[in-house]
């Protein structure tokens with residue numbers, strides 16, 4: 001009884017820790033694009049897919065739907081480029097792409113405006129424009145129904161040409177217009193920018209200024225003026241090339257990655273801004289590995305999670321891995337066979353705040369009415385030593401334990417499937433907390449101990 005009480009207290013302590021852990025976890029979609037940096041991502045709500053534009057100075061268009069990447073080949077595509085920006089009107093499915101640096105030795109920025117309508121690209125012909133930009137910030141203001149652009153530069157070899165101009169594109173008017181503001185942010189390139197759903201204004205963070213320094217300033221734009229937000233509490237470190245992504249379902253924005261322009265160190269941190277202050281989602285659980293810059297990030301509105309693809313790592317190598325930020329499940333290890341086969345282990349509902357998480361154990365022997373889920377706080381140590389540990393000495397040859405098994409959770413079984421359910425606390429402080437799980441089935445014919453185990457999994461609580 002004392003041990004069980006101690007175990008429950010340990011789990012409770014893990015759920016009430018003050019700093020949330022990182023929620024990034026790798027996906028394993030099939031047929032990914034080739035490794036690349038400087039790609040662009042946007043979510044296509046009407047088709048429930050994530051679109052990837054360009055990267056590696058290509059004109060490619062890819063779609064991530066379900067667990068597979070597919071290359072799309074529309075008849076018309078924007079020419080290949082780098083350092084462009086796009087922003088999506090999620091509710092209409094329209095994506096606007098502007099500027100960038102052309103390939104083949106081009107030094108000046110492109111001045112073209114492209115619209116994706118859900119099925120094809122269209123080159124627009126506005127009579128006014130920002131005049132060509134690269135490394136600018138871009139956002140879609142879903143209240144005023146305009147795209148907003150700030151900063152950037154016109155020529156890659158003009159270090160003193162950073163801009164602090166503000167431009168807007170209205171699809172209704174079919175044109176760009178410059179907004180002359182009283183107190184704009186300083187001239188910047190590579191700022192992070194998006195629409196903040198909690199504030200109802202466009203938000204900008206960071207960027208590199210004319211001196212080559214990164215900034216840690218936060219600004220908002222209401223359509224008339226820019227306002228610098230006061231620093232209330234912790235603030236993300238200065239950076240350029242980060243991503244600021246709106247989470248409409250929570251009324252927040254998330255800041256991801258970037259580089260310190262002075263040291264070129266890649267930042268592997270994640271921050272959330274709720275409209276009044278920043279809060280770091282610490283990387284004690286690992287963040288994306290290896291850390292990468294010049295990746296692509298967007299919000300999957302249907303699955304309610306961030307998606308990141310590719311990027312450039314510290315040794316200048318390019319990546320083509322896909323990561324997601326939110327509640328997730330990552331399997332690992334192998335199970336051992338019982339009389340009904342190796343027990344399977346799969347998520348039902350992911351562990352989201354205030355919801356009910358479920359896990360299914362399959363291949364439970366006929367007539368066995370329940371199984372257990374071993375829930376642990378560690379996958380490296382348990383009561384009997386290091387993990388994973390062979391269980392041969394316990395009468396289970398060929399089996400391994402992968403979790404510290406701090407709690408054995410009861411899972412009723414029917415027709416060969418046992419289901420464990422858990423009410424996830426609705427506490428923001430538990431976001432990012434990882435648990436390590438493994439299914440355990442009773443199987444008298446399996447071995448001397450009469451047990452079989454499934455593969456294991458890491459389950460991370462998310463929003």
Residue match in region 119-132 (condition: under 25 Å from residue 247 (Cα atoms), assigned by TED's automatic domain parsing to the domain that holds residue 148 and surrounded by fewer than 19 Cβ atoms within 10 Å (Cβ to Cβ)): yes
Identity of the residue in region 87-112, touching a residue at least 40 places away in the same chain (Cβ under 8 Å) and over 27 Å from the mean Cα position of the chain (by Cα), that ends up nearest to residue 56 (Cα to Cα): 103
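Return yes or no: is residue 323 part of a strand (DSSP E or B) and surrounded by 22 or more Cβ atoms within 10 Å (Cβ to Cβ)?
For residue 323, the condition - part of a strand (DSSP E or B) and surrounded by 22 or more Cβ atoms within 10 Å (Cβ to Cβ) - is met.
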Where a residue in region 28-49 is more than 17 Å from residue 306 (Cβ to Cβ) and its partner, wherever it lies, is assigned to a loop (DSSP other than H, G, I, E, B), with Cβ under 6 Å and at least six apart: 36/55; 36/56; 37/294; 38/55; 38/294; 46/93; 46/118
Looking only at region 406-426, and only at residues there that are farther than 23 Å from residue 339 by Cβ and buried (at least 17 other Cβ atoms within 10 Å of the Cβ), the one that is nearest to the chain's Cα centre (by Cα): 424
Scope region 84-130; condition in a loop (DSSP other than H, G, I, E, B), touching a strand residue (DSSP E or B) at 6+ places or on another chain (Cβ under 8 Å), modelled with pLDDT under 95 and closer than 21 Å to residue 297 by Cα; matching residues: 90, 93, 117, 118
Count - residues of region 181-205 that are farther than 21 Å from residue 38 by Cα and either outside the structural domain of residue 167 (by TED's automatic domain parsing) or part of a loop (DSSP other than H, G, I, E, B) (or both): 11
Set 235, 270: member being assigned by TED's automatic domain parsing to the domain that holds residue 201, closer than 22 Å to residue 433 by Cβ, at pLDDT 90 or above and in contact with a strand residue (DSSP E or B) (Cβ under 9 Å, 6 or more places away or on another chain): 270
Candidate set from region 201-222 (those that are farther than 13 Å from residue 184 by Cβ and surrounded by fewer than 18 Cβ atoms within 10 Å (Cβ to Cβ)); member that is modelled with the highest pLDDT: 216
Filter result (in a loop (DSSP other than H, G, I, E, B) and more than 18 Å from the chain's Cα centre (by Cα)) within region 56-79: 56, 57, 58, 59, 60, 73, 74, 75, 76, 77, 78, 79
Unique residue being in contact with a helix residue (DSSP H, G or I) (Cβ under 8 Å, 6 or more places away or on another chain) and either in a loop (DSSP other than H, G, I, E, B) or surrounded by fewer than 20 Cβ atoms within 10 Å (Cβ to Cβ) (or both) when the list is 445, 398: 398
Residues within region 209-228 that are in contact with a strand residue (DSSP E or B) (Cβ under 8 Å, 6 or more places away or on another chain), part of a loop (DSSP other than H, G, I, E, B) and over 25 Å from residue 265 (Cβ atoms), tallied: 3
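Condition check: modelled with pLDDT under 95, touching a strand residue (DSSP E or B) at 6+ places or on another chain (Cβ under 8 Å) and either closer than 14 Å to residue 226 by Cβ or outside any strand (DSSP E or B) (or both). Does residue 168 satisfy that?
Numbers: modelled with pLDDT under 95: no; touching a strand residue (DSSP E or B) at 6+ places or on another chain (Cβ under 8 Å): yes; either closer than 14 Å to residue 226 by Cβ or outside any strand (DSSP E or B) (or both): yes.
Spelling it out, it is not the case that residue 168 is modelled with pLDDT under 95, touching a strand residue (DSSP E or B) at 6+ places or on another chain (Cβ under 8 Å) and either closer than 14 Å to residue 226 by Cβ or outside any strand (DSSP E or B) (or both).
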Filtered residue count, region 346-381, keeping only those that are over 10 Å from residue 418 (Cβ atoms), touching a residue at least 24 places away in the same chain (Cβ under 8 Å) and assigned to a strand (DSSP E or B): 8
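The values are calculated or read from the model by the stated rules, or taken from the named source; none is laboratory data. Because the structure is a prediction, the values reported are computed rather than measured. Here Cβ is always computed from backbone atoms with ideal geometry, including for glycine, and neighbour counts include all displayed protein chains.
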